[in-house]
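A.B. asks: Next up is a structure, given as structure tokens.
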Amino acid sequence: MTNNFQNLVLEEGLAIFNALNLDNESIFNKEYWFGIVMDYVMKDPSFKVDMFQFIDVLPVLTTDDQIAKHIKEYLLKKDRDLPAIISTALKAASLTITKGIAASTIRKNVTDIAQRFIAGRDINDAQKKLYEFEKQGFCFTIDLLGEKTLSNAEADLYMARYQHLIETLPQIVNPKNGDVPNVSLKVSALSCYLVTEDPLTSIVELKKRILPLLRIAKANNVFINFDVESYASHEIIYKLFSELALSEEFRSWPLLGIVVQAYLLQSRQHTNDLIDLCRKRRCPITIRLVKGAYWDYELVKAQKLGHHAPVFVDKARTDCNYEELSRLLLDNITFLRPAFGSHNIRSLAHAIAYANQKNIGHHQYEIQMLYGMAAAERKALLMRGHTVRIYVPIGEMLVGMSYLVRRLLENTSQMSFVKMSNHDQKDQRDLLKEPVASEIPPLEKVHEFINASLTDFSDKTMRDNFSNALHRVRKNFPVTVRINIDKKDISSKKTYQHLCPSDVSLTIFTTALASCDDAERAILASVNAQPALQQSSLIKRCEHLLNLAAILENDRFDIAATMCFEVGKTWAEADADVAEAIDFCRYYAQRAHIEISPRIIGNIDGEHNVLSFHGRGPTVIIAPWNFPLAILCGMSVAAYVCGNPIIMKPAETSTLMARMLYERMIKAAFISEAVQFLPGSGKEIGPYLVAHPHVATICFTGSLEVGHEIMLRANTVVPEQIQMKRVICEMGGKNAIIVDEDADLDEAVMGIIASAFGYAGQKCSAASRVIAVGSVKEQLIDRLIMATISLRQASSLAPNTFLGPVIDQKAYDRLMRVIDDLATDPSVNIIERGVHVTGGYFVPATLVFVKDMNHWIMQQELFGPIVAVYHAANLAEACRVANHTKFGLTGGFFSRSPVNIAYVRENFSVGNLYINQKCTGALVHRQPFGGFKMSGTGIKAGGPHYLLNFVDTKVVSENTMRQGFTPEVSI
Ligand code: NAD
């Protein structure tokens, strides 16, 4: 922009600054105890983290003891040098005599601060403040705070609250100057079915509640603004808005608005689309331009999933974009009504100066600010003749906490304009400078290993790719799968036919089943392949793994789509399975260089010691069906890269996926004579393979029963055996999630549902026990039941399915028998049995309440969507119950008490423990996977040292001193 224009912005900004009358509403006002706390927060970042985490948990703490405990844990840390006034108050809260009074004072202080950002529990409670705003000349919009919507019942409740608000608002407020009552709709609260894989169905579901609300709003002349929250739902919300705004019913209704978030890379596209929409309907809408409130969340989430960040990484770029979009909106003022939502005086001065330059009157746009923020700024803008709308959240303090913490963070962030201007009192001219986006991209973190990205289904191209792949691969069925021994495909008289678990009318494949004679020939071929493998270099074998990773990446949609048909995985689950297989290839290739390259050890003159690693010989890979690609691939490539010929024995029900992997290994230039593909019945050829004298290693993943049998057999030395066998055994779990009294129940319920019912509970890591601690029981069970009833159970081919089928008729019959047995068992209480879907092997999601920790439902692995819920009086009992099984695979704990988290870290005996997150979905490198006790023998898959399972080590020690002449010393 020209210097001239920048001068206009500066003038406008200085004029706003001059009109500021900074009063005592700042949260940093040191006349209040909390003002002093907030001031200290700015000085000590670690105190800030602890303070905000304490505020986050405070509303669920019901007793003085609980408050005292959390104050001690979060705020009174050893070596923390707090100002006397703060430490005296906090210490009082942790002392027996004073804790009652102090706890209630602290609660009151936090409630006071919450009330600065949340106007009331409900509309009646907030009424007085709204009158005040009206009197002062402000407009406002009301937002309803609430829990995350995890069930239909919760969505209904939200809808009822909005309906009440829309109907009541016109009766209690009296907007002037042509304004009307204004409501900001939290769209995501109105359905528990927002699925990025399937925007269309998500929109249909949302409309069920939003359409009636819009009709009521229209009848009552209430303005409705569609709020946009996280990036994951943005496409759904924009599409929904556009459909409704163009519909016959609302096309000419002007009381509609929506948000554009300037921090999104796609925000220009959003703005252009909305301008087109306004042109088409010839009736304006309001576009609220904000910067966006979930910047950190979006960045961290994208990083975790391996997606490109959807937001500008450089914050100044967002400021620049905000200005560009402000101009775009004002350039199109004839079609729309802009609302500039910001507390940044530079951003607002820019929009105002641009509007002035274009002779756009103040009445043609509005400025929006959040309740509790920048009170002086909003008054100054009002005084200068602007329409200022205050965004007023109302709701219970408990559910408003995440909102409050977001606001506190915004107030205290180093980059926050409010903080720089109100707290740091930075130079006004500096604050009003034109934002300059950095030309230098921010430094990327250096990672030891980067996991393959999961497919971003919020991208339409990705959804289309997946959907096209489903259509494409469907044409291949039924596939005929053949055995391959010594590079020759062979058939067999014995076959197995597999039906699609989601649609039993569709046959997926018929496979040849190997006999013991075939097994014998496969072992012989492996023995013969050993020299070729020994001569191959480690570097070459690593290259083969990397080739395979590239091929799997290239074919990922076809492979994942086939998996949806073959084993009933949903889109996202199948996609993650392929990503994990890719990770195994890349990770083991990387680790092989580090871990099994020969190395010199010791540093003594006159002695030369070399440690080297060698393949052990024919390795039988026996895999389960539930991670049909990833587990078979991980075990196979690990053994191969270490120099072992492999015999791949997949599970019967996932033979097609195994064959697809085998073919890609050959394409990736694996030494073909060293890879035998041997589908067959485990019962029939398994024992033969395991007992064979020439087999060196058995790498098994599967059930405890089969694992034990393999162990027994492999430990029996047979004639002709020339080496001790090694068995790597990964087996089942009876995994528990413990929910503490102070847990965030939104997170806990989401975590339990994902862990227990993801892939219909058919993961070794799945949660099959939930242990509620103390007072959390009732609320946890209520929300779990509602969320379970609302699960989408359907074909795994449909994009919006959460709960698909189980693997086959046998599993279905077994699990239905379990549910029937539980129904007639007087010692348990079935608290929820979901609806029964037909057409495939669909087992209803089932919750059972049980009082006896020895009950078989608390002990046996069921491998289906059945969860036992148990109530423990306290955390120690919860851990005792959680540990009271023969398994030790995964576990979860939801809590906001640092001391309790530390206790559970120490006392929960599982291989993979997850705190405040689901207990499934381990990632290669970041969360190496595997259990102990009766869950596993080995070193964790996908982690350091796993490869050592597959090698023998040799040390060659040479004496280099001859007649006293030592090369290292004498030369
Ligand atoms: P399973 O034990 O029935 O079968 C696993 C494999 O063993 C199959 O290939 C099968 O054909 C073969 N097999 C069967 N009988 C055999 C025998 N007598 N000798 C040799 N091989 C034999 O298990 P599954 O139903 O395929 O998979 C589910 C089980 O796997 C669950 O218990 C689950 O917890 C476990 N699992 C564990 C992990 C882990 O990493 N710990 C991962 C996935 C699955």
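The values are calculated or read from the model by the stated rules, or taken from the named source; none is laboratory data. As the structure is a prediction and not an experimental result, all values here were calculated from the model. Virtual Cβ from ideal backbone geometry, glycine too; neighbours counted across all protein chains shown. Just so you know, the surface numbers come from the protein's heavy atoms only, side chains and all, with ligands and any DNA or RNA stripped out. Shrake-Rupley method; radii C 1.70, N 1.55, O 1.52, S 1.80 Å.
A.B. asks: If we restrict to alpha carbons, what Rg and Dmax does region 92-145 come to, in Å?
C.D. replies: 16.0, 49
A.B. asks: So if I place +1 on the C-beta of Lys and Arg and -1 on the C-beta of Asp and Glu, and nothing else carries charge, what would the dipole magnitude of region 805-943 be about its Cα centre? I want it in debye, nearest 20. It would help to have the intermediate numbers written out before the result.
C.D. replies: Values: 13 positive and 10 negative charges, 106 e Å.
That gives region 805-943 a dipole magnitude of about 500 debye.
A.B. asks: Hey, could you grab the Kirkwood Rh for region 151-295? Inverse mean 1/r over distinct alpha carbon pairs, Å, one decimal.
C.D. replies: Taking every pair of different Cα atoms in region 151-295, averaging 1/r and inverting gives 15.7 Å.
A.B. asks: Over region 505-570, what number does the Rg to Rh ratio reach, with both radii from the alpha-carbon atoms and Rh per Kirkwood? Let's see the in-between values first.
C.D. replies: On the way: Rg = 17.4 Å, Rh = 15.5 Å.
Radius of gyration relative to Kirkwood radius: 1.12.
A.B. asks: Angle, helix 682-691 long axis vs. longest principal axis of the chain, Cα atoms, 0 to 90°, nearest 10?
C.D. replies: Between the helix axis and the principal axis of the chain, the angle is about 60 degrees.
A.B. asks: Taking only the alpha-carbon atoms of region 592-725, what semi-axes of the equivalent ellipsoid follow from 5 times the gyration tensor eigenvalues under a square root, in whole Å, largest first?
C.D. replies: 30, 20, 13
A.B. asks: For the chain, what percent of Cα pairs sit more than 59 Å apart?
C.D. replies: Percent of Cα pairs beyond 59 Å in the chain: 18.
A.B. asks: Hey, another quick one. May I ask you to work out the translational diffusion coefficient for region 465-531 at 4 °C, viscosity 1.567 mPa s, via Stokes-Einstein with Rh from the Kirkwood sum over Cα pairs, reported in whole µm²/s?
C.D. replies: The Stokes-Einstein estimate is 92 µm²/s.
A.B. asks: Same structure again: How high is the FRET efficiency from Ser775 to His884, r the C-beta distance, R0 25 Å, rounded to 0.05?
C.D. replies: 0.65
A.B. asks: Dipole of the chain, Cα-centred, from +1 at each Lys and Arg C-beta and -1 at each Asp and Glu C-beta, to the nearest 20 debye?
C.D. replies: So the magnitude is around 540 debye.
A.B. asks: Here's another thing I want to ask about it. Given Lys148/Lys176; Lys69/Lys186; Lys488/Lys683; Lys218/Lys280; Lys763/Lys810, which pairs have Cα atoms separated by over 26 Å?
C.D. replies: Values: Lys148/Lys176 34 Å; Lys69/Lys186 35 Å; Lys488/Lys683 24 Å; Lys218/Lys280 20 Å; Lys763/Lys810 17 Å.
Flagged as over cut-off: Lys148/Lys176; Lys69/Lys186.
A.B. asks: For q values of 0.10 Å⁻¹, compute log₁₀ I(q)/I(0) with the Debye formula on a Cα-only model of region 240-338, without solvent.
C.D. replies: Treating every Cα as an identical point scatterer, log10 I(q)/I(0) equals -0.31.
A.B. asks: May I ask you to rank Ser895, Ser247 by accessible area, largest first, using a 1.4 Å probe over the protein chains only?
C.D. replies: Solvent-accessible surface, decreasing: Ser247, Ser895.
A.B. asks: While we're here: To one decimal place, what orientation-averaged projected area in nm² is obtained for the convex hull of the Cα set of region 426-516?
C.D. replies: Mean shadow area of the hull around the Cα atoms is 14.6 nm².
A.B. asks: A follow-up question, please. Write down Rg/Rh for region 727-793, rounded to two decimals, with Rg from the C-alpha atoms and Rh from the Kirkwood relation over Cα pairs. Can you show the working numbers first?
C.D. replies: Working: Rg = 13.2 Å, Rh = 12.8 Å.
Rg/Rh: 1.04.
A.B. asks: I've got another one for you. With angles folded into 0 to 90 degrees, how steeply does helix 556-567 sit against the dominant principal axis of the chain? Use alpha carbons for both and round to 10.
C.D. replies: 70 degrees
A.B. asks: May I pose another question? For every other residue with a beta carbon closer than 15 angstrom to the beta carbon of Ile807, add +1 if it is Lys or Arg and -1 if Asp or Glu, then tell me the sum.
C.D. replies: -4
A.B. asks: Give the Rg/Rh ratio for region 29-126, taking Rg as the radius of gyration of the Cα atoms and Rh as the Kirkwood radius, to two decimals.
C.D. replies: Rg divided by Rh gives 0.97.
A.B. asks: Got a sec to turn the phi values of region 231-244 into Karplus ³J(HN,Hα) couplings, 6.51 cos²θ - 1.76 cosθ + 1.60 with θ = phi - 60°, whole Hz, x for Gly and Pro?
C.D. replies: Karplus-based 3J(HN,Hα) across region 231-244 equals 4, 4, 9, 5, 5, 4, 5, 5, 5, 4, 4, 5, 4, 5 Hz.
A.B. asks: Only loop residues by DSSP count here, and only those with at most 12 other Cβ atoms within 10 Å; note down the GluC sites (Glu not before Pro) in region 209-275 that meet that.
C.D. replies: Counting only loop positions with at most 12 other Cβ atoms within 10 Å, the GluC sites (Glu not before Pro) in region 209-275 are Glu248, Glu249.
A.B. asks: Output needed: percent of Cα pairs per 5 Å distance bin for region 905-955, bins running from 0 to the one holding the longest distance.
C.D. replies: Calculated over all Cα pairs of region 905-955, the distribution is 5, 18, 23, 25, 15, 7, 5, 2, 1, 0 percent.
A.B. asks: Given the whole protein assembly as supplied and a 1.4 Å probe, what does the accessible area of Ile698 come to in Å², nearest 10?
C.D. replies: 0 Å²
A.B. asks: With only Lys, Arg, Asp and Glu charged, each at its Cβ (+1 for the first two, -1 for the last two), find how big the charge dipole of region 458-581 is about the Cα centre; round to the nearest 20 debye.
C.D. replies: Dipole magnitude for region 458-581 comes out near 360 debye.
A.B. asks: Oh, and also: Can you list the equivalent-ellipsoid semi-axes of region 74-222, largest first and in whole Å, using the square root of 5 times each Cα gyration tensor eigenvalue?
C.D. replies: 39, 24, 12
A.B. asks: Please compare each pair in Lys667/Lys918; Lys304/Lys940; Lys358/Lys379; Lys43/Lys91; Lys301/Lys460; Lys851/Lys886 to a cut-off of 27 Å on the Cα-Cα distance and tell me which ones are over it.
C.D. replies: Long pairs (Cα-Cα over 27 Å): Lys667/Lys918.
A.B. asks: Send over a whole-number figure in Å² for the accessible area per residue of the chain, probe 1.4 Å.
C.D. replies: 41 Å²
A.B. asks: Dividing the Cα convex hull volume of region 324-459 by residue count, how many Å³ per residue is that?
C.D. replies: Given the Cα convex hull of region 324-459, per-residue volume reads 218 Å³.
A.B. asks: Right, another one. What shape does region 835-971 take by its C-alpha gyration tensor, where a ≥ b ≥ c are the square roots of the eigenvalues and a/c under 1.5 counts as rounded, a/b above b/c as prolate, and the rest as oblate?
C.D. replies: Prolate, because a/c is 1.5 or more and a/b exceeds b/c.
A.B. asks: Computed FRET efficiency, Cβ-Cβ of Leu95 and Asp296, R0 60 Å: what is it to the nearest 0.05?
C.D. replies: About 0.95, to the nearest 0.05.
A.B. asks: I've got another one for you. Leaving out ligands, DNA and RNA, and with a 1.4 Å probe, what % of the accessible surface on the chain is carbon or sulfur?
C.D. replies: The C+S portion of the solvent-accessible surface of the chain is 54 percent.
A.B. asks: So for the chain, taking the charge dipole from beta-carbon charges (+1 Lys/Arg, -1 Asp/Glu), which of Ile210, Ala743, Phe842 sits furthest toward the positive end?
C.D. replies: So the residue furthest toward the plus end is Ile210.
A.B. asks: Any chance you could look up the accessible area of Ile123 with a 1.4 Å probe, heavy atoms only, rounded to 10 Å²?
C.D. replies: 10 Å²
A.B. asks: How much accessible area does Lys280 have with a 1.4 Å probe, in Å² rounded to the nearest 10?
C.D. replies: Solvent-accessible area, nearest 10 Å²: 130 Å².
A.B. asks: In the chain, with Lys and Arg counted as +1 and Asp and Glu as -1 at Cβ, which of these residues, Phe47, Gly643, Leu784, has the Cα nearest the positive end of the dipole, that is, farthest along it?
C.D. replies: Selected residue: Leu784.
A.B. asks: Between Glu11 and Glu543, what is the label-point separation in nm under the 7 Å Cα-to-beta-carbon projection?
C.D. replies: 7.0 nm
A.B. asks: Evaluate 2.2 N^0.38 Å with N set to the residue count of region 238-283, then give the Cα radius of gyration divided by it. Don't skip to the end; give the middle numbers.
C.D. replies: Numbers: Rg = 10.8 Å, N = 46, 2.2 N^0.38 = 9.4 Å.
The reported ratio for this selection is 1.15.
A.B. asks: Can you tell me the convex hull volume per residue for region 312-380, based on C-alpha atoms, in Å³ to the nearest whole number?
C.D. replies: Values: hull volume 6.7 nm³, N = 69.
Cα-based convex hull of region 312-380, divided per residue, equals 97 Å³.
A.B. asks: Starting from 0.36 nm per residue, how many nanometres of slack lie between Lys445 and Ala902 once their C-alpha separation is accounted for?
C.D. replies: Between Lys445 and Ala902, full extension yields an extra 161.7 nm.
A.B. asks: Pull up all non-local amide H partners of Phe226: gap of 5 or more, or a different chain, and H-to-H distance under 5 Å with H placed in the peptide plane.
C.D. replies: Amide H neighbours of Phe226, under 5 Å, 5+ apart: Leu185, Gly257, Ile258, Val259.
A.B. asks: Round to the nearest 10 and give me the degree value, 0 to 90, for the angle of helix 84-94's Cα axis relative to the longest principal axis of the chain.
C.D. replies: It is inclined by approximately 60 degrees.
A.B. asks: To the nearest µm²/s, what D does Stokes-Einstein give for region 194-253 at 4 °C and 1.567 mPa s, using the Kirkwood radius over alpha carbon pairs as Rh?
C.D. replies: The Stokes-Einstein estimate is 107 µm²/s.
A.B. asks: Would you list, by chain and number, the aspartates and glutamates whose Cα falls below 15 Å from the Cα of Lys569, excluding same-chain residues fewer than 8 positions away?
C.D. replies: Within reach: Glu197, Asp503, Asp558, Asp577, Glu580, Asp808.
A.B. asks: Quick one: what does P(r) look like for region 582-628 with 10 Å bins over all Cα pairs, in whole %?
C.D. replies: 19, 31, 30, 14, 6, 1
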